[in-house]
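> Have a look at this one before I ask anything.
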Amino acid sequence: MTNTIDRIISKSIPEPNTGCWLWEGYTIDGYGYASYKGKHWLVHRLIYKEFVASPDNFNVLHKCDQPSCINPEHLFLGTQQDNVDDMIRKGRQADRKGINNPNYRHGGRIEICID
Ligand SMILES: [Zn+2]
């Protein structure tokens, strides 16, 4: 029996706080895999193709950083470079909390010497 797109979606669980549709089926490295019309698909790519447009040679990336999410509204197209940039940006953000942030201000007043 061939999976329909509705059957694919029914294997995900909506996450009420984030709006993610979390894939409950088979995964590789956290990404959902399924067979659809005789081909094996990364589920988020399949969903993007069915709901938005064919991703062709582009990567389908997650705005929500949740690899198993298949909500088409959380997906966007990017190049491999975008993917790398995205990871670096998010990684740097994580490293720059508190005192690692160059804009960090310690609770005290900023003293300006004018003499
Ligand atoms: Zn999501």
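Quick grid of which residues meet (1) surrounded by fewer than 14 Cβ atoms within 10 Å (Cβ to Cβ); (2) modelled with pLDDT of 95 or more; (3) within 14 Å of the ligand (Cβ to nearest atom); (4) within 10 Å of the chain's Cα centre (by Cα):
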position: Gly30; (1), (2), (3), (4): yes, yes, yes, no
position: Tyr48; (1), (2), (3), (4): no, yes, yes, no
position: Val60; (1), (2), (3), (4): no, yes, yes, yes
position: Ser68; (1), (2), (3), (4): no, yes, yes, yes
position: His74; (1), (2), (3), (4): no, yes, yes, yes
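Yes/no per residue for (1) under 11 Å from Leu75 (Cβ atoms); (2) in contact (Cβ under 8 Å) with a residue 12 or more places away in the chain; (3) in a helix (DSSP H, G or I):
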residue	(1), (2), (3)
Asn3	no, yes, no
Arg7	no, no, yes
Asn17	no, no, no
Gly25	no, yes, no
Tyr33	no, no, no
Leu46	yes, yes, yes
Lys49	yes, no, yes
Ser54	no, no, no
Asn57	no, no, no
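> Filter the range 35-44 down to residues that are in a strand (DSSP E or B) and either in contact with a Leu (Cβ under 8 Å, 6 or more places away or on another chain) or more than 15 Å from the ligand (Cβ to nearest atom) (or both), then give me how many there are.
5
The values are calculated or read from the model by the stated rules, or taken from the named source; none is laboratory data. Predicted model, so just to flag it, every value in this text is computed and none were measured. Methodologically, a virtual Cβ is constructed for each residue, glycine included, from the backbone with ideal geometry; neighbour enumeration extends over all protein chains shown.
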